[in-house]
Amino acid sequence: PQPSMPVMFDGMALPPFPPLINNAKKRFEDIRSLDCRQDDVLLVAYPKSGTHWIWEIVCMILKQKAEYSKEPKEFLFLEAMPDLDVVRNLPSPRPMNTHLPYRWLPTQHIENGGKIVHVLRNPKDVCVSIFHHAKVAPTVHGDVGDFQTFFKTRFMNPKVKLMGGWFKYEKEFEEAEKKDKRGAIFTVHYENLKKNPIHETRRLADFLNIDLRQEDIAEIVDKCSFQKLKQADETVKDQSVFKESGLPTTLINNLYRKGEIGDWKNHFTVAMNEQFDTVFKEEMRDSDIDIQFE
Ligand code: A3P
């Protein structure tokens with residue numbers, strides 16, 4: 001059935017994952033009260049910020065080997081996995097991932113000072129990426145129309161903002177990061193990783209306290225390049241995880257679309273760009289986040 005409105009919870013329009021459609025409140029509460037271990041690693045990002053890419057890098061760093069994992073990211077995707085209990089029996093370290101905003105992250109993980117890798121991408125490219133993602137799955141997202149319609153009626157519409165909207169999501173994270181005295185949160189900028197992958201991957205490994213040789217870092221970067229990851233997704237990944245997730249195959253086959261900085265320039269009109277810049281300036285007036293749009 002085609003939903004006319006997305007599932008709403010705590011002021012957020014939610015991605016149409018079966019556990020959220022069934023009972024969003026329960027899944028959110030189960031995530032918040034999850035039993036955590038000291039060495040759990042939580043990857044947290046606003047949708048379409050490069051989560052799959054950075055999840056692969058994090059997994060390789062933790063394994064200390066440039067080897068693709070058979071399980072896709074969806075295997076440990078807290079709000080989408082069919083059975084959250086699966087995480088209980090997994091060996092450490094568990095690279096869990098989520099799009100939940102900071103206030104809904106597992107309380108115990110935060111109390112433990114557990115590591116959080118936060119991915120940040122410029123909101124114009126995020127908007128474009130979400131649009132293409134939604135476009136291929138009209139059965140779950142409804143008809144989003146053309147890009148201008150999507151921008152107006154979805155991305156900028158306060159009533160249906162995905163995860164409560166990019167601004168609120170990222171400002172909440174910034175505040176948490178400022179209060180984080182233990183250095184538990186590490187923010188990776190999509191644009192920095194794209195421009196300087198060796199340096200950023202090294203920083204990520206240092207944050208995770210994993211000592212890797214320079215050639216290992218280089219191999220991880222190479223295997224996680226856009227083209228290679230796209231190919232690995234089709235050839236290496238255990239497709240049954242996708243099937244069990246109940247997500248439409250059109251969505252799953254479109255995870256690696258373009259992988260560039262600045263594709264927004266091919267989508268935003270001058271007027272849309274001006275409108276967005278005005279909102280951006282106002283929303284981010286007290287923020288120190290350095291966003292790179294190109
Ligand atoms: P585009 O739609 O702009 O191509 P997420 O994994 O959070 O859903 O984010 C998806 C976005 O990350 C997509 O953006 C995808 O192409 C991009 N991406 C995935 N792997 C990448 C890589 N290795 N390098 C750069 N971008 C990548």
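None of the figures in this text is laboratory data; all of them are computed from the coordinates on show. The model shown is predicted, which means the values in this text are computed figures rather than measured ones. Don't worry about glycine lacking a Cβ; one is built from the backbone with ideal geometry, like all the others, and counts go over all protein chains shown.
Note: region 208-282, Cα convex hull, 211 Å³ per residue. Please state, as a whole number in µm²/s, the translational diffusion coefficient that the Stokes-Einstein equation yields for region 142-221 at 4 °C and 1.567 mPa s, with Rh defined as the Kirkwood radius across alpha carbon pairs. Translational D for this selection: 82 µm²/s.
Express the Stokes-Einstein translational diffusion coefficient of region 95-178 in µm² s⁻¹, to the nearest whole number, given a Kirkwood radius over alpha-carbon pairs, 10 °C and a viscosity of 1.306 mPa s. Can you show the working numbers first?
Details: Rh = 14.5 Å.
Value of D from the Cα-based Kirkwood radius: 110 µm²/s.
With one equal scatterer per alpha carbon and no solvent term, the Debye-computed log10 I(q)/I(0) for region 1-72 at 0.15, 0.20 1/Å reads -0.73, -1.05.
What's the magnitude of the charge dipole for the chain around its Cα centre, counting Lys and Arg as +1 and Asp and Glu as -1 at the beta-carbon? Answer in Debye, nearest 20. Please list the in-between numbers first.
Working: 42 positive and 45 negative charges, 67 e Å.
Dipole of the chain, to the nearest 20 debye: 320 debye.
Here the chain was treated as a single set of alpha-carbon atoms; its pair distances binned every 5 Å from 0 give 1, 5, 12, 16, 20, 18, 15, 9, 3, 1, 0 percent.
As a length-normalised measure over Cα pairs under 8 Å and 6 or more apart, the relative contact order of region 8-283 settles at 28 percent. Label-to-label distance for residue 215 and residue 271 is 5.8 nm, based on points extended 7 Å past Cα in the beta-carbon direction. Restricting the count to DSSP beta bridges whose residues both fall in the chain, what percent are antiparallel, rounded to a multiple of 5? Just about 10 percent of them are antiparallel.
Here the translational diffusion coefficient of region 13-139 follows from Stokes-Einstein with Rh set to the Kirkwood radius across Cα pairs; for 25 °C and 0.890 mPa s it amounts to 160 µm²/s. Between the C-alpha center of region 246-276 and that of region 99-126 there is a gap of 22 Å. Ranking 76, 131, 101 by how far each Cα lies toward the positive end of the dipole of the chain (charges on Cβ) leaves 131 at the top.
How much space per residue, in cubic angstrom, does the convex hull of the C-alpha atoms of region 249-294 take up?
On the way: hull volume 5.4 nm³, N = 46.
Spelled out: Cα convex hull of region 249-294, divided by residues, is 118 Å³.
Pairs from the table (124/152; 63/115; 70/230; 194/237; 135/258; 195/223) lying more than 20 angstrom apart at Cα are 194/237.
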